[in-house]
Every structure is written in structure tokens, then in C-alpha cells.
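Q: One structure, pasted below without further comment.
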Amino acid sequence: MQTIDMAKVSLRDMNKALHAQAATTNQTTWEIVNPKGSHAIACGLDAPIDVTVRGSTGYYCAGMNQQATINIDGSAGPGVAENMMSGKVVIEGDASQYAGATGHGGLLVIKGNASSRCGISMKGIDIVVHGNIGHMSAFMAQSGNLVVCGDAGDALGDSCYEARLFVRGNVKSLGADCEKKEMRPEHIELLTLLLEQAGCDAKPEEFTRYGSARNLYNFDIDNAAAY
């Protein structure tokens with residue numbers, strides 16, 4: 001294991017060392033200690049390496065991730081795994097606002113709670129939250145899956161497109177053009193897989209699916225108040 005101590009190494013040099021890893025690297029396991037809440041830790045990685053951050057992080061940790069598996073042994077600040085393309089990001093604690101925003105692929109697991117706008121404008125990412133999520137989550141979510149094992153705040157799925165939203169607990173309110181959907185066998189199968197990958201023992205039959213009512217795909221004057 002390669003260990004980088006951020007009490008001794010700068011943020012720039014730490015990210016430079018991680019970026020230097022290629023697809024054929026032998027240095028596959030990395031540990032970052034003393035992160036001190038720094039911003040942009042382990043951003044833009046593009047190699048199949050494992051990175052563990054021992055502590056909480058600031059803004060945009062694991063942003064634009066490709067291939068790498070990143071574990072945060074603490075909580076994460078705003079924008080964790082923002083624009084993620086592939087790989088896996090696991091947060092042992094809580095996540096601040098807009099976790100997984102605009103994510104195109106990969107799996108984001110939040111073992112605590114997520115704040116507002118979780119999964120905003122998601123474009124194919126899978127997000128599993130073991131706890132609760134805040135308001136305006138999955139706003140304009142285009143594709144992918146958001147799984148919430150706890151409760152969801154106000155305006156869930158506002159103006160969403162084809163993303164699938166699964167909530168085990170209560171939803172405070174649904175956003176514009178979001179509605180309750182039928183849970184079919186293929187959704188149970190999908191949810192079973194996602195919960196297994198996220199290390200969650202919740203039963204897929206306990207969840208309710210939500211998604212777009214498709215009334216706002218094209219402008220209609222009769223729906224003007226909902227836009």
C-alpha cells in the first residue's frame with residue numbers, strides 16, 4: 001500500500017501521484033491520511049486503483065472519477081463524485097449537498113445521510129443512500145438509479161426525465177411531474193443487485209418507485225404553471 005500524508009505532501013502533489021497511475025500500474029492500493037477536509041481530493045482519476053481517504057473531505061472529492069474505487073472513511077463535502085463516469089465511491093459517513101451531481105456512470109454509496117439535491121441532473125450514475133436525503137434530490141435527473149433506504153425531503157424528482165427513484169421510507173413531497181410508479185419484477189431484480197453492491201440488507205419489496213409522469217417533455221400552455 002502506498003500512503004500519502006497530507007500533513008507532509010501538498011494537495012497538488014498528492015493528486016499528481018494518483019494521476020500518474022496508468023491502467024497497468026502495479027501500485028494499485030493507496031491510502032491518504034490527514035486529509036484535513038481538503039477540497040478536490042482524488043479528482044479526475046482514470047485507472048483501476050483503490051484509494052482510501054482516512055478522514056472527512058471538502059468539496060468535490062472523487063469528482064470526474066473513472067475506473068477507480070474510492071473509499072472515504074468519514075464524511076464528504078458538497079459535490080462528492082460530481083460528474084462521475086465509472087468506478088465506485090463509498091462514503092462511510094454523511095454527504096453534503098449535490099452528491100453525485102451530473103454523474104454519467106459508476107456507483108456512489110453513501111452509508112450515512114445525504115443533504116439536498118442528491119443526484120441532481122444525474123445522467124446514468126447509480127446512487128445508493130443508506131440513510132435519508134434532503135430536498136430537491138434527483139432534480140432534472142435524466143437517467144440512472146437513485147436508491148434511498150430512509151426518507152426523502154421535499155420536491156423529490158422535480159422535472160425528472162427517465163431516472164428511476166426508489167425510496168424505502170417516506171417522501172415529504174414530490175416535485176413537478178414526478179409520480180409514484182408500478183414496481184415490476186425487473187425493478188425488484190435491479191434493486192436487489194444495487195442493494196447487494198452497496199452492502200445494504202434492506203429488502204427490495206419494501207421500496208416504492210417514483211419517476212416522470214412525462215407531462216413536461218414538451219411545452220404545453222395548459223401545464224405552464226408546473227414549469
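Q: State all residues of the range 121-158 that are in a loop (DSSP other than H, G, I, E, B), touching a Gly at 6+ places or on another chain (Cβ under 8 Å) and of a type in the set (Ser, Thr, Tyr); if no residue qualifies, say none.
A: Hit for the range 121-158 is Ser137, nothing else.
Q: Would you say Ala76 is modelled with pLDDT under 95 and either hydrophobic (A, V, I, L, M, F, W, C) or closer than 16 Å to Ile32 by Cα (or both)?
A: Details: modelled with pLDDT under 95: no; either hydrophobic (A, V, I, L, M, F, W, C) or closer than 16 Å to Ile32 by Cα (or both): yes.
Answer is no for this residue.
Q: Considering only residues that are surrounded by 19 or more Cβ atoms within 10 Å (Cβ to Cβ) and either small (Gly, Ala, Ser) or in contact with a Cys (Cβ under 7 Å, 6 or more places away or on another chain) (or both), look in the range 160-173 and name the one that is farthest from Ala202 (Cα to Cα).
A: Selected residue: Cys160.
Q: Could you tell me which numbered condition Glu179 fails, if it satisfies all but one of (1) in a loop (DSSP other than H, G, I, E, B); (2) of a type outside the set (Phe, Trp, Tyr); (3) over 28 Å from His39 (Cβ atoms)?
A: (1)
Q: Taking the condition in contact with a strand residue (DSSP E or B) (Cβ under 8 Å, 6 or more places away or on another chain), of a type outside the set (A, V, I, L, M, F, W, C) and at pLDDT below 95, does Asp222 pass?
A: Numbers: in contact with a strand residue (DSSP E or B) (Cβ under 8 Å, 6 or more places away or on another chain): no; of a type outside the set (A, V, I, L, M, F, W, C): yes; at pLDDT below 95: yes.
No.
Q: For the subset of the range 58-87 comprising residues that are touching a residue at least 40 places away in the same chain (Cβ under 8 Å) and under 12 Å from the mean Cα position of the chain (by Cα), which member is surrounded by the fewest Cβ atoms within 10 Å (Cβ to Cβ)?
A: So, considering only residues that are touching a residue at least 40 places away in the same chain (Cβ under 8 Å) and under 12 Å from the mean Cα position of the chain (by Cα), the one surrounded by the fewest Cβ atoms within 10 Å (Cβ to Cβ) is Gly87.
Q: Still on this model: So for the range 196-208 (the condition being within 17 Å of the chain's Cα centre (by Cα), part of a helix (DSSP H, G or I), under 22 Å from Ala81 (Cα atoms) and of a type outside the set (Ser, Thr, Tyr)), does at least one residue qualify? Working first, answer last.
A: Here is the first cut: in the range 196-208, the ones within 17 Å of the chain's Cα centre (by Cα) are 196-200.
Next cut, part of a helix (DSSP H, G or I) only: 196-197.
Retained after the next criterion (residues that are under 22 Å from Ala81 (Cα atoms)): 196-197.
From what is left, the residues that are of a type outside the set (Ser, Thr, Tyr) are 196-197.
Scanning the range 196-208, I find at least one residue that is within 17 Å of the chain's Cα centre (by Cα), part of a helix (DSSP H, G or I), under 22 Å from Ala81 (Cα atoms) and of a type outside the set (Ser, Thr, Tyr), so the answer is yes.
Q: Restricting attention to the range 159-176, which residues are within 13 Å of Met136 (Cα to Cα) and in a loop (DSSP other than H, G, I, E, B)?
A: Of the range 159-176, the ones within 13 Å of Met136 (Cα to Cα) are 159-160, 165, 171-176.
Answer for the range 159-176, where residues must be within 13 Å of Met136 (Cα to Cα) and in a loop (DSSP other than H, G, I, E, B): Ser159, Cys160, Lys172, Ser173, Gly175, Ala176.
Q: Follow-up. For the range 174-216, enumerate the residues that are surrounded by 15 or more Cβ atoms within 10 Å (Cβ to Cβ) and touching a residue at least 60 places away in the same chain (Cβ under 8 Å).
A: Correct list: Leu194, Leu195, Ala198, Cys200, Phe207.
Q: Could you check, for the range 41-64, whether at least one of its residues is at negative phi and touching a Lys or Arg at 6+ places or on another chain (Cβ under 6 Å)? First the steps, then the outcome.
A: First, pick out the residues of the range 41-64 that are at negative phi: 41, 43, 45-54, 56-59, 61, 63.
Pick out the ones that are also touching a Lys or Arg at 6+ places or on another chain (Cβ under 6 Å) and you get none.
No, the range 41-64 has no match at all.
Q: In the range 18-43, which residues are surrounded by 14 or more Cβ atoms within 10 Å (Cβ to Cβ) and among the hydrophobic types (A, V, I, L, M, F, W, C)?
A: Within the range 18-43, Leu18, Trp30, Ile32, Val33, Ala40, Ile41, Ala42, Cys43 meet the criteria.
Q: OK, next. Going by what's in this entry, would Arg168 be described as within 15 Å of the chain's Cα centre (by Cα), of a type in the set (D, E, K, R) and closer than 29 Å to Thr57 by Cα?
A: Numbers: within 15 Å of the chain's Cα centre (by Cα): no; of a type in the set (D, E, K, R): yes; closer than 29 Å to Thr57 by Cα: yes.
No, not satisfied.
Q: Can I ask one more? Can you tell me which residues in the range 171-204 are β-branched (Val, Ile, Thr) and either closer than 24 Å to Gly93 by Cβ or at pLDDT below 95 (or both)? Write out each step before concluding.
A: Quick first cut of the range 171-204, residues β-branched (Val, Ile, Thr) only: 171, 188, 192.
Val171 - this is the single residue of the range 171-204 that is β-branched (Val, Ile, Thr) and either closer than 24 Å to Gly93 by Cβ or at pLDDT below 95 (or both).
Q: What about Ala23, is it aliphatic (A, V, I, L, M), part of a loop (DSSP other than H, G, I, E, B), at pLDDT below 95 and more than 24 Å from Gly134 (Cβ to Cβ)? Can you show your working first?
A: Working: aliphatic (A, V, I, L, M): yes; part of a loop (DSSP other than H, G, I, E, B): yes; at pLDDT below 95: yes; more than 24 Å from Gly134 (Cβ to Cβ): yes.
Judged against the criteria, Ala23 is a match.
Q: Tell me, which strands (runs of 3 or more DSSP E) wholly within the range 29-97 include 3 or more residues that are within 23 Å of Ile133 (Cβ to Cβ)?
A: In the range 29-97, 69-72, 88-91 are the strands (runs of 3 or more DSSP E) which contain 3 or more residues that are within 23 Å of Ile133 (Cβ to Cβ).
The values are calculated or read from the model by the stated rules, or taken from the named source; none is laboratory data. These numbers come from a predicted model, not from an experiment. Don't worry about glycine lacking a Cβ; one is built from the backbone with ideal geometry, like all the others, and counts go over all protein chains shown.
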